[in-house]
1. State whether the residues of the stretch A:107-126 include one that is crowded, with 16+ Cβ neighbours inside 10 Å, out of contact with any Asp or Glu (no Cβ under 9 Å at 6 or more places or on another chain), in a helix (DSSP H, G or I) and more than 14 Å from chain B (Cβ to nearest Cβ).
2. Take the stretch B:243-284 and flag every residue that is part of a loop (DSSP other than H, G, I, E, B) and under 25 Å from the mean Cα position of the chain (by Cα).
3. Is it fair to say residue A:418 is β-branched (Val, Ile, Thr), within 20 Å of residue A:303 (Cβ to Cβ), surrounded by 16 or more Cβ atoms within 10 Å (Cβ to Cβ) and at pLDDT below 85?
4. Does any residue of the stretch B:148-157 turn out to be more than 7 Å from chain A (Cβ to nearest Cβ), more than 23 Å from the chain's Cα centre (by Cα) and free of Cβ contacts under 8 Å to residues at least 24 places away in the same chain?
5. What is the residue count in the stretch A:370-397 for residues that are at pLDDT 85 or above, within 23 Å of residue B:226 (Cα to Cα) and not aliphatic (A, V, I, L, M)?
6. Mind checking which helices (runs of 4 or more DSSP H) fall wholly inside the stretch A:257-360 and carry at least 1 residues that are surrounded by 17 or more Cβ atoms within 10 Å (Cβ to Cβ) and within 12 Å of another protein chain (Cβ to nearest Cβ)?
7. Quick one: residue A:175 ticks every box in (1) more than 25 Å from residue A:218 (Cβ to Cβ); (2) touching a Lys or Arg at 6+ places or on another chain (Cβ under 7 Å) bar one, so which box is it?
8. How many of the residues in the stretch A:433-452 are in contact (Cβ under 8 Å) with a residue 40 or more places away in the chain and buried (at least 22 other Cβ atoms within 10 Å of the Cβ)?
Amino acid sequence: MENQSAIRRLLPYIYWLVGIFAIYFLLNYLISPFSSGISLNLKTVVARVKEIGTFLVGIGLGLGLIEAYFYQIFFRQPSNPTTRIIMRSLQVVLGALVLLTLFAFFEITDLYRLGDTFLATVIHIPLTLFGTIQKALLGAGVAKASAGLWSGLVLSLIIIIIYGVIHLISIPRHSRLGLAYLLVLPALIGVLFLIIYPFLFEIKLAFSNASLGTQATKNAQYGLIYGWNNLVTLFTGKVAKDARFFEVLGRTVLWTVINVTFHVGGGMALALLLHRPMKLQGFYRTLLIVPWAIPTTIAAMALRNEFDSRYGLFNILLTDLNHWLTSVSQGTVNIIGIGNLFSWLSAHIGPVSWKQDPFWAFVSILISNIWLGIPFMSVIILGGLQSISKEYYEAAEIDGASKWQQFVSITLPLLRPVLTPAIVLGVVWTFNKFDIIYLITQGGPQEKTDILVSSMYKAAFQFYRYGFTAMFALVIFVILFLFTLFYLRITNGLKSVSE
Amino acid sequence: MSTSKSNPNPITKFLRWFFYRARGDSPFKTILIHAALIIASVIAVYPALRVVTISLRPNDTLLTTDLRIIPENATLDNYKEVLFGSPEKNRTSDFFLWLWNSLSVVSVTSIISMILAAISAYAFSRFKFPGRTAGLIFLLTTQMIPAGMLLLPLFIMLAQLKMINTALGLIIAYSVSSVPLTIWTLKGYFDTIPVDLEEAALIDGASRFTVFTQIILPLSTPALAIAFLFSFMGGWSEYLVARVVLQKNEMFTWPLGIFTYAQQFTVSWGQFSAASVLIAIPVMILFLYSSKWLISGLTLGSVKG
């Protein structure tokens, strides 16, 4: 009986395995006649799986060890004064090692340089320890190919043994908050390492003359004077090639305001149209969120294609419109007002050069981004509309309120908890969103469609002005931060958030 | 019609029925609304359909001013070349390689960020601890740091760690960026699950771990699915970070890959479109299929705050 239930329990996994193998062989069978033309092969796949697997094991092990450390701090206490000394000293040593590793990491990534000082030797203790284990392992001939991995495992084994010792000499303890902190810790570590640390690093970089000439941070000089120079260049000099800061800032504000206005307006219109009992509602909704569902890169590249001066959709339509207007104006040439009107229209409406004319290039990226952004906003607003109770409208209708009055005094105020964060995030995202620009116009012609962030990207990765870029980035951050504070102050948007 | 008693004239009757109704929308209004929605739908869908059209065009008529959706002499040659290379031009296809690169990087990053976010969102939702509010505000503030801004220090960091041009470098660059927002979304969703459920289970002797995995996670499947989808979609079509981190052709993710079609000496729009269709269709089906969840999850997160 026991045996049978074990098989039954394993059955789903067996099905999965069989399914995966079946798909694999089927694909293999289908693709094998063409496999000479495909550059992906099994070797690449296995190598990648191994690489990522090792990485995940390492991350998991590291996080697990840190969690275990804090678990013991929160949930174990020494049983008597003697063990207290042993336990605390072991924990201090471990904590010191972790801190030293952290400092060593900062040094490797060039946050600061210590050279050959005594401090450097101290900080390098964990690394030396690691190196020693690695050498010992290599010397014993245990692990040749992946000595780093194996010595990491050995090191964690030692740490686990220490944890075991601490566990044996301690007794459990109740902690009310310990669990919460343990749960928050992994995400906190991630955010600290990959968001806060780079941010601090950027501040440091902003006060340097790092560039391609200094081999990034290798030979860079740091000092307030460099920061000042960067700031002066930013406001008075050229930010990328020709563009100047305030010109680009103005364009960025225009870009953000136009985009967000159209996103919110268009989204609101579509949401109001959709928010009623009617046939085909789900069908329309599905079609309307198509621009959001298309991967951005594909959408941007496809739109870039459509802005081609001869074969793109927009100019084809405009050419047709022009022909139509011309024919109408020829037909109505005798009717005084209309004939003149149409000939004027046909002279002014026609295909435009989306790529060469800075104005139309800017319009083209605006059209693209508005098209891409409306669905998201309409989905958000539609969700907000659905959460408003119908009773308000019924009461208003009984009191004789018009549709417009209902919209202004019921819908808008009740939509505010949805709209405020959506608009703030929308502004911040649009302000920073330059993949559309980069993919469609690449900032051209003559950097006339660049916004701040795309100029910054160019300064960093086309002109390699690293220190300058860092200062540029800080200025952008300050602008956004002030905007958000200001907006939240006037709308009181964080009131609901903090509870 | 109940109103017809006072006015027997059929035309007036029809007009009244057509333009005016005490309750609900009149047919006239309904027609207007449907017309507006149809126009909006066409605007939303037609540019996307054009990509399909271009992918079906034979190579000699790629450049036309034709606006039909199914082109003349439609052919699948572009798809064949994208998928399996072309022996005549002695060119192999990198399509599957790009897909594999993207898939391996993005699925790992989404899983990492989901796990990190779900665990700490649970703590933020269920425990009152010193630093909770500060932590939440802090997470929101990190969203104000433009992604493009952290790119440069991340790039230098990865270069120092010799991780440029590796999948791991890209994984590291992607993995945390979506965590703060995901924590917010999930926390908002967890808040809507009654605490009573957990307390009952805890009294019955279940551990916190059991409560989390057996009660909270199953109940928040929609929110988890959305959060996963968001972080997956975010990384899946990301171009600018990948452009900086990956430089070798064999490491390219698909956004970098299909961009090479546009950079070749002769722009291969046909192949670009075919590759786009092949990549976009599965993602779009997934996205549109889950759109119902998407709406509920997004608004729950933001309304509850």
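1. yes
2. Taking the stretch B:243-284 first, the residues part of a loop (DSSP other than H, G, I, E, B) are B:246-248, B:252-253, B:264-268.
Once the filter is applied, which keeps residues that are part of a loop (DSSP other than H, G, I, E, B) and under 25 Å from the mean Cα position of the chain (by Cα), the stretch B:243-284 yields B:246, B:252, B:253.
3. Values: β-branched (Val, Ile, Thr): yes; within 20 Å of residue A:303 (Cβ to Cβ): no; surrounded by 16 or more Cβ atoms within 10 Å (Cβ to Cβ): yes; at pLDDT below 85: yes.
Spelling it out, it is not the case that residue A:418 is β-branched (Val, Ile, Thr), within 20 Å of residue A:303 (Cβ to Cβ), surrounded by 16 or more Cβ atoms within 10 Å (Cβ to Cβ) and at pLDDT below 85.
4. Checked against the condition, which is being more than 7 Å from chain A (Cβ to nearest Cβ), more than 23 Å from the chain's Cα centre (by Cα) and free of Cβ contacts under 8 Å to residues at least 24 places away in the same chain, the stretch B:148-157 yields no hits at all.
5. Selection size over the stretch A:370-397: 5.
6. Numbers: elements: A:281-288, A:290-293, A:296-306, A:313-331, A:336-348.
Those helices (runs of 4 or more DSSP H) span A:281-288, A:290-293, A:296-306, A:313-331.
7. The failed condition is (2).
8. Filtering the stretch A:433-452 down to residues in contact (Cβ under 8 Å) with a residue 40 or more places away in the chain leaves A:433, A:435-437, A:439-441, A:443-452.
Those left that are additionally buried (at least 22 other Cβ atoms within 10 Å of the Cβ): A:433, A:435-437, A:439-441, A:443, A:447, A:449-452.
Matching residues across the stretch A:433-452 total 13.
The values are calculated or read from the model by the stated rules, or taken from the named source; none is laboratory data. Everything numeric in this text was worked out from a predicted model, so none of it was measured. Note that each Cβ is placed from the backbone with ideal geometry, even for glycine, and that neighbours are counted across all protein chains shown.
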